[in-house]
1. State the number of residues belonging to segment 1-53 that are under 24 Å from the mean Cα position of the chain (by Cα) and touching a residue at least 12 places away in the same chain (Cβ under 8 Å).
2. Across segment 380-398, what is the total count of residues that are over 15 Å from residue 109 (Cβ atoms), among the aliphatic types (A, V, I, L, M) and open to solvent by less than 40 Å² (accessible area, probe 1.4 Å)?
3. Could you grab the pairs with beta carbons closer than 9 Å, sequence gap of 6+ or different chains, first residue in segment 60-72 and in contact (Cβ under 8 Å) with a residue 60 or more places away in the chain, second one small (Gly, Ala, Ser) and in a loop (DSSP other than H, G, I, E, B)?
4. Check 350, 365, 398 and return the single one that is small (Gly, Ala, Ser) and over 25 Å from the mean Cα position of the chain (by Cα).
5. Any idea which of 333, 296 is free of Cβ contacts under 8 Å to residues at least 12 places away in the same chain and either under 26 Å from residue 258 (Cα atoms) or part of a helix (DSSP H, G or I) (or both)?
6. Can you tell me which residues in segment 357-413 are of a type outside the set (S, T, N, Q) and not in a helix (DSSP H, G or I)?
7. Only one of (1) out of contact with any helix residue (DSSP H, G or I) (no Cβ under 6 Å at 6 or more places or on another chain); (2) touching a residue at least 24 places away in the same chain (Cβ under 8 Å); (3) open to solvent by 70 Å² or more (accessible area, probe 1.4 Å); (4) closer than 20 Å to residue 109 by Cβ fails for residue 274. Which number is that?
8. I'm trying to understand the selection: among the residues of segment 330-345, which are closer than 30 Å to residue 133 by Cβ, surrounded by fewer than 19 Cβ atoms within 10 Å (Cβ to Cβ) and not polar (S, T, N, Q)?
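The values are calculated or read from the model by the stated rules, or taken from the named source; none is laboratory data. Just so you know, these numbers come straight off a predicted model, no measurement behind them. Every residue, glycine among them, receives a Cβ derived from its backbone with ideal geometry; neighbour counts consider all protein chains shown. For accessibility, only protein heavy atoms count, side chains too; no ligands or nucleic acids. Shrake-Rupley method; radii C 1.70, N 1.55, O 1.52, S 1.80 Å.
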Amino acid sequence: MLRLLCIQFIRSKTAIIALALIFTTGIISLFIGKQFLVKQEKTIAAVTKFQQEHIERNTHFHNDDFGLLMYYLRFGLINKPGQLAGLSIGQRDVNSSVQSVTIRALEAQKYDTDLNNPYNLLSGNLDLSFVIIYLFPLLIIAFTFNLLSEEKEGGTWQLVTAQSTSPIKYLLAKLAVRAIAVVIVFALLLLLSIPILSIQWNKTFALFAATCVGYLIFWIALCFLFVTFKKSSGFNAVALLSSWVLLTVLLPAGVNNIITNRYPVPEALQTIIKSRDGYHKKWDVDKTVTMSKFFELYPQFKNYPVPDKAFSWLWYYAMWHMGDHDAMKDAQEMRSKLLQRENTSRTVAAFLPTMHAQLQLNDIAKTGMLNHISFLDSTTAFHEKMRLFFYPKIFENANVNSVDWHRIKPEYYSDPYEMNGDKTLLPLVIAISFLLLLFCINFKNMHEV
């Protein structure tokens, strides 16, 4: 019976066209991911080259004043995307993967990002995660909405029940054929992603694949549950498409809107304003006030005397840092609210398989908000390290050539977060189990079909 159902399915031109269309779209998404990774590699190479040329040029023109030199120099920290980012771009198209900062006030620099076409941001990226989250469910719906109703409406169901000892097994066989076809297309896309995106087969990639499979099984189970209600093809189509709109568009958008309003972030603007005002206002404040606060934070620099003249680099760079210090409270509150937004989203997503799958795919590919927040934290630490390295040289007006500038190269950020397979897959398993439970409850009704 399974073999005959396979032959019947393969002979359907509509099914073959649908599979070919989703496969072609998946291939396009892989090359879009490849294009994104190539762009990131070019950006990283350009940043590395720019920093080297930038340092050489400025050390040539400002070789007699270390403080003036450090006003201009920029240093790069790179959050290099892994190859899995080509499968799930996430927020990497909005949040920059490169921080190029001076040792002056950080808060005004931390949130700089690339210029992007707003239309492109609105339309989003057609990466493989988009194809899986949004398009594969439509394919599953198209294959399964009339699994039973087409037999009853075509007048062949009585013949099936007369020849089959278990009509339910017949329907499960029809479902299995369609599910296998969908999984085969997905597996082919995943296998093709390995050479196209130069992905290594490891635990992380396996978890990405398992999450996608779990998500597809959820939709297959949901579609079959609707079949068990024995409704017409029209009813099933409308109900399943409504479910798709609800789960992939309306509920995630509603959750995002509620969370955004519940955790507003006015500190995003206040942080930058306070950082700038904190620096500019110190021109009119007595030097001893600024320096006493600075020395409280960095007692190792107390031995450097503050000159009596109107301007000194010690006081100048202390002013910059104290501007950041004045904005510290707002910066911490903004970070806290971003984390609250993310944690609340994940809590809600545990009950919405579509949101959960998207968030987890981004986490696995290290393209989500948690990765970006961690990168910003690392930028703060990187900025601190560079300041403390150059402060003594500025305060002593060291010889510019005393630093081996060829060793000052962009540094790379490494995300310490490790995925938890149980935490990733458990909500999907629970959702599938719940659908199977509903099917078991409806089994008697299905048995009498």
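1. 18
2. Looking only at that region, the number is 2.
3. These pairs meet every condition: 66/398; 67/312.
4. That would be 398, the only listed residue that is small (Gly, Ala, Ser) and over 25 Å from the mean Cα position of the chain (by Cα).
5. Details: 333 fails: free of Cβ contacts under 8 Å to residues at least 12 places away in the same chain.
Answer to the selection: 296.
6. 366, 368, 396, 398, 403, 404, 408, 409, 410, 411, 412, 413
7. In the conditions (1) out of contact with any helix residue (DSSP H, G or I) (no Cβ under 6 Å at 6 or more places or on another chain); (2) touching a residue at least 24 places away in the same chain (Cβ under 8 Å); (3) open to solvent by 70 Å² or more (accessible area, probe 1.4 Å); (4) closer than 20 Å to residue 109 by Cβ, residue 274 misses (1) alone.
8. Within segment 330-345, 335, 337, 339, 341, 342 meet the criteria.
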